[in-house]
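The values are calculated or read from the model by the stated rules, or taken from the named source; none is laboratory data. Since we're looking at a predicted model, the values are computed, not measured. A quick note on method: Cβ atoms are made from the backbone with ideal geometry, for glycine too, and the neighbour counts reach across all protein chains shown.
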Amino acid sequence: MNSRPFLTLAAVAGLALMLALPLFASAKADRVVICSSVENREPVGAAASFPATAKELFCFSEFSGAEGTSEITHVWSKDGKEVFRQTLSVKAAHWRTWSRKKVSPGTWKVAVLDGSGAEIGSASFTVGG
């Protein structure tokens, strides 16, 4: 029995699997900041606590070490329950991006997930009280 075709098929399948893996695996979140706005691609009004009058906040994240085009996801949670999820493109080894969310009083967290769903950063904050 000739095992060569099987090995070739296994090699092709292995290569396909490697190419399908997220290219973002080696990237890291250098900054994850909650802020009141983003100007000139930088966070403005960064804090860990915001007044109850805050209506909308931003999660700014900066990455290094990304290879190729990939995606990250910001997962916004309030009082331990996921309330919003936004997937954002990462198009260079060093990249900055942000999402925004209308907020209400409570304890919040934004988790930053890589393409495989692993948490690579987060920021916690409170609104009001």
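Would you check which residues across the stretch 72-125 are over 16 Å from P43 (Cβ atoms), over 11 Å from the mean Cα position of the chain (by Cα) and among the small types (G, A, S) and list them?
If the condition is that a residue be over 16 Å from P43 (Cβ atoms), over 11 Å from the mean Cα position of the chain (by Cα) and among the small types (G, A, S), then S77, G80, A92, A93, S104, G106 are the ones that fit.
Restricting attention to the stretch 77-103, which residues are loosely packed, with under 13 Cβ neighbours inside 10 Å and closer than 18 Å to S37 by Cα?
K102
Output the number of residues of the stretch 94-128 satisfying the condition of being assigned to a loop (DSSP other than H, G, I, E, B), touching a strand residue (DSSP E or B) at 6+ places or on another chain (Cβ under 9 Å) and touching a residue at least 60 places away in the same chain (Cβ under 8 Å).
3
Mind listing whichever residues of the stretch 42-77 are part of a loop (DSSP other than H, G, I, E, B) and at pLDDT below 95?
Hits for the stretch 42-77 are G65, A66, E67, G68, T69.
Can you tell me which residue is nearest to the chain's Cα centre (by Cα) among those in the stretch 52-68 that are under 24 Å from G128 (Cα atoms) and surrounded by 12 or more Cβ atoms within 10 Å (Cβ to Cβ)?
S61
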